[in-house]
Amino acid sequence: MESAIDTHLICPRSISRRVPDDYQPPFPMWVGRADQQIEQVTMAYLGVQTADGRNRETALAAVASIVASLQSANGPSSHDVTHHVDNRGYDNFIVVAYWSDPRTFCSWLRSEHVEQWWSSDDRLEDGLGYFREIVSPRVDQFETLYAFQDQLPGVGTLMNGISGDINEHGYWGSMRERIPLSQNDWMQPADCDTLTIVSGDPAAGGRVVVAGHDNIALIRSGQDWREAGEEERDLYLNEIQPTLDSGMDFLRDNGADVGCYSNRLVQNIDVDGNPVDETYNIGYWRSLEKLERWAESHPTHLRIFTTFFKVATELDKLRLYHEVSVSDAAGQIFEYINCHPATGMMRDAVAVADNTKEIA
């Protein structure tokens, strides 16, 4: 049995694991293995928002423009497209893209076409909202976990291999212990850290820039039932999905109370906007510790966790996975154009003059 942490990232621990050395997980799970040349990745969430269903075609045209911009020499290794309706009733389309080198991403971001498109006055006047939320964790700052071994989604598309059965799963705290940095770092933000509005006013619309802080945690947790047979589809739709929806709705509507900055349960779509039988959650947290505290103690997640354990050994074509990262403030970008003020990181961001807000 292997460690989830790749051999070249293992080092002497100063922080003990939460299970004994002879721990045996209850069922097999796997992690992605990246080429050792990959030192840092970029995860980009590029959004289009509309309040009016009649603007759907215009919004999809904007999504198509974003996707077309990814087809350059400096484009990402992979991308997918999602849709969800948020709790304000706005339609949100997100192009999610992954780069294996932040320098290549920066070349794409600063290219003439991409820069001119984002900075154009047309973005302020075309009746749509836009956002880009980007994090660039080092390889020692993220982990993956899969209940399958092929065609890895998300950041897994950057991996060139898959592990054997791994040891660090099936117990509270295993998520943290799959992150290589956890061997010697608690990955905590400073007490004074908060989201800060650098420019703009979310209430007024227009362009808004939010500054993050060190050790913001990001989780993408996915469910793919495209190839599932009738029994597994029934298992997902009638047992897993209801508990998942309940937990994700709680975080969407009440996340500020538990340290979750933003939570979106999104549906994958094709290029024409048609839904695909795959969903995933996109959650930004103040810290990994806040995410762990909710996962270990809140009834909404305990139901999800219990349901997964009940069905894990029965999975065949139903594909469940997640990826979790922390990142440095220097590797984060949170920018919004004409989005409603509760969008993404704007909801919990404070103006610089008000940056004395006590952190819960």
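Every read-out reported here was derived from the displayed coordinates using simple, explicitly stated rules and does not represent laboratory data. As the structure is a computational prediction, the values presented were derived from the model and not from experiment. Cβ atoms come from the backbone with ideal geometry, glycine included; neighbour counts cover every protein chain shown.
Quick look at the numbers
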{"item": "Order of S327, S174, S107 - criterion: other Cβ atoms within 10 Å of each residue's Cβ, fewest first", "result": "S107, S174, S327"}
{"item": "Expected-Rg normalisation [2.2 N^0.38 Å, Cα atoms] applied to segment 1-129", "result": "1.47"}
{"item": "Relative contact order of segment 26-352, pairs being alpha-carbon contacts under 8 Å that are 6 or more residues apart, as %", "result": "26 percent"}
{"item": "The chain: calculated mean residue ellipticity at 222 nm from DSSP helix runs of at least 4, using -39500 (n - 2.57)", "result": "-6500 deg cm²/dmol"}
{"item": "Gyration tensor (alpha-carbon) shape descriptor, segment 28-75, a/c threshold 1.5", "result": "prolate"}
{"item": "Alpha-carbon Rg with Dmax, taken over the chain, Å", "result": "19.8, 61"}
{"item": "Square roots of 5 times each gyration tensor eigenvalue, C-alpha, segment 101-258, largest first, Å", "result": "32, 23, 20"}
{"item": "Rg and Dmax of segment 244-288, Cα atoms only, in Å", "result": "12.4, 37"}
{"item": "Check: segment 26-352 dipole with +1 on Lys, Arg Cβ and -1 on Asp, Glu Cβ, in debye", "result": "380 debye"}
{"item": "Using alpha-carbon coordinates, inclination of helix 241-254 to the longest axis of the chain, degrees", "result": "50 degrees"}
{"item": "Within the chain, longest stretch free of exposed GluC sites (Glu not before Pro) [DSSP loop, at most 13 other beta carbons within 10 Å]", "result": "40-226"}
{"item": "Label-to-label distance, nm, for residues given as E112 and N184 (7 Å Cα→Cβ offset)", "result": "4.6 nm"}
{"item": "Debye log10 I(q)/I(0) for segment 55-172, one point scatterer per Cα, at q = 0.10, 0.12, 0.18 Å⁻¹", "result": "-0.41, -0.58, -1.08"}
